Every structure is written in structure tokens, then in C-alpha cells.
Amino acid sequence: MIEHVKVLAALVIGSASFLGSVQRSSATTSAVTAIDILLNPDETVIKAAEAVNARMLRDFPKGFSLDATHRPHITLLQRYVRTADLDNIYTVVDRIFRKEAVTGFKLKATKHYYIPSGEIGLSGIVIETTADLLRLQQELIDAVAAFTVKSGTSAAFITAPGDPEINQGTMHYIEVFVPEHSGTKFLPHVSTGIATRAYLDKMMAEPFESFTFSPIGAAIYHLGDFGTARTELRAFDVK
């Protein structure tokens, strides 16, 4: 779990400049696409995450905003897949979400956390791992396995015209998501922003009132640099 957190910090810290740039999707032109299969949380989580994000931006204005291109979400699986198989992936993933009653999952936000990187840190809300999440993640891993490739280049991601290269940390993270960040090493979370460590230390000392929530949707996104879910490729009906 500690290694997961360290890699997560490397992926997201420094994302501010990228998040404000113009996007270019290569999903239809590259042979490989980097995807994120995720859950969309209900309004309870969105409001909580946006409230923390507003605090982060007041302390560190260069951080990222939670907006249309960086919505609060819970990543279940990140993989490199063959672009030609995207329609097949949508079909098998849709079958899983039609079977799993994800809106009935009772999830619990347990605490704030942050990952230090120099004088700043990435903040987030930790979600308690449940048997439902682990079962769903494994079903997705198994379903997508036939369409997965070991690695990808920058062409597998959404990139900015002036910055077409994806950092090596991002590319490696997706290569090893299974098994290094899945199963017993899975750490569900919702990223909330970047702030100075001095400010985050004060926030960590504040009491956290845990709350429960349920997912309201699921989707596959095309990934950008620093592991950001940049463009929705397919949304799924859930029950």
C-alpha cells in the first residue's frame, strides 16, 4: 500500500500545468489506448471533494481544479488495451456493470490523507476497501485481460500539442497496475487537490467526519499524463 501511495504521488503531483492545456485524443489513431475504468460517486462525495479542492486552491493556486476534465471518481482499473478492441471492451464491461448492482454498494469515506512531494502534497479522501469493490475489480481484470497489452507509448494517451510526451512514471504505473495496485494492494480514493505541506498538516489535524455513499455511474476514460482521467470514451448504465 505504501508503494502504491508513492507512485500515485509521482503521477499526480505536477499535473497542474497539464490540466489547463488543450487536449489531443489519439484513441482513434494509435494502436494502443491507455484506459481508466472507474466509478462515479454520488453528490455526497462530489460536494466533499469540491469543498476540499477549494481549500487547496486557496492555499496553492497552481494546483488542479475539479472540473469537467477532472471529475471526482474512484479508479477501479487502468490498462493498456488494443484500440481495435475498444468496442469489444465496452461490450464485456457493460455486461459486468449490468450484472453488478453498483448503486447498491455502501461505501465509506474514512479520512483525509496526503502524499508529500517536497514542499507540497497531493490530498485525497480514502475510501474503505470492501468485498464488493474487490470482486468488481477482479471481474474487470478478467474481462479485459484478453484485450490488454503489456505497455504503451505516449501515443496511447491524450497529450497536449506543446507537450506530446508522457512521463515515464505514468507509463510504468499503468504497466504494473495489475498486480501492484490491485487486489490486496488496491487503495480506493478520490483525489482532491494539491497544497503546501504546512497547510495540509493543519488539515490532517482536523477531525474527519466519516460518511457513507454509493456510486451513481460507471465509465471508461482515456487517460492523460499523470494518470488523469481526461476524456470519457463510454458511459455505462448501472443498476
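When the label point is put 7 Å from the Cα of residue 132 along its Cα-to-beta-carbon vector, which residues of region 170-188 have a backbone N closer than 16 Å?
Residues 188 fall inside that zone.
Can you compute the FRET efficiency between residue 101 and residue 153 using 1/(1 + (r/R0)^6), with r the Cβ-Cβ distance and R0 = 45 Å? Round to the nearest 0.05. Present the calculation step by step, with values, prior to reporting the outcome.
Working: r = 38 Å, r/R0 = 0.85.
Efficiency for this residue pair is about 0.75.
How long is the gain from residue 50 to residue 184 if the chain were fully straight, where each residue apart is worth 0.36 nm and the alpha carbon distance is subtracted?
Numbers: separation 134, 0.36 × 134 = 48.24 nm, distance 2.88 nm.
Contour length minus the Cα-Cα distance gives 45.4 nm.
Could you order the peptides 166-175, 142-151 from most to least packed, using the average number of other C-beta atoms within 10 Å per residue? Let's see the in-between values first.
Working: 166-175: 18.8, 142-151: 14.4.
Going by the mean number of other Cβ atoms within 10 Å, highest first, we get 166-175, 142-151.
With 10 angstrom as the radius, rank 199, 114, 90 by how many other C-beta atoms surround their C-beta, starting from the fewest. Each step should come with its number before you reach the end.
Numbers: 199 18, 114 23, 90 14.
Fewest-to-most Cβ neighbours within 10 Å comes out as 90, 199, 114.
Taking the highest mean first, how do the peptides 184-195, 98-109 order by number of other beta carbon atoms within 10 angstrom per residue? List each step's numbers first, then the result.
On the way: 184-195: 20.5, 98-109: 15.6.
Result, highest mean Cβ count within 10 Å first: 184-195, 98-109.
Amide H neighbours of residue 189 under 5 Å, at least 5 residues apart or on other chains, H built in the peptide plane: list them.
75, 127
What number of lysine-lysine pairs in the chain show an alpha-carbon separation below 26 angstrom, given a sequence spacing of 8 or more or placement on distinct chains?
Lysine pairs meeting the criterion: 25.
Expected output is a single nm value to one decimal: the length gained when fully extending between residue 204 and residue 87, i.e. 0.36 nm times separation in residues minus the C-alpha distance. What is it?
37.8 nm
Using only the Cα atoms of the chain, what semi-axes does the equivalent ellipsoid have when each is the square root of 5 times a gyration tensor eigenvalue? Give whole Å, largest first.
Numbers: eigenvalues 139, 98, 47 Å².
In descending order the semi-axes read 26, 22, 15 Å.
At 222 nm, what helix-only mean residue ellipticity would the chain give, in deg cm²/dmol to the nearest 500, using -39500 (n - 2.57) for each DSSP H run of four or more? Don't skip to the end; give the middle numbers.
Working: 8 runs with 80 residues, N = 239.
Per the formula, -10000 deg cm²/dmol.
Extension gain residue 110-residue 211, at 0.36 nm per residue separation less the Cα-Cα distance, in nm?
Details: separation 101, 0.36 × 101 = 36.36 nm, distance 0.72 nm.
Result for the pair: 35.6 nm of gain on full extension.
Read the figures in this text as sums done on the coordinates, not as results from a lab. In this text the structure is predicted, and so the values were computed from the model without any measurement. So basically every Cβ, Gly included, is an ideal-geometry build from the backbone, and we count neighbours across all protein chains shown.
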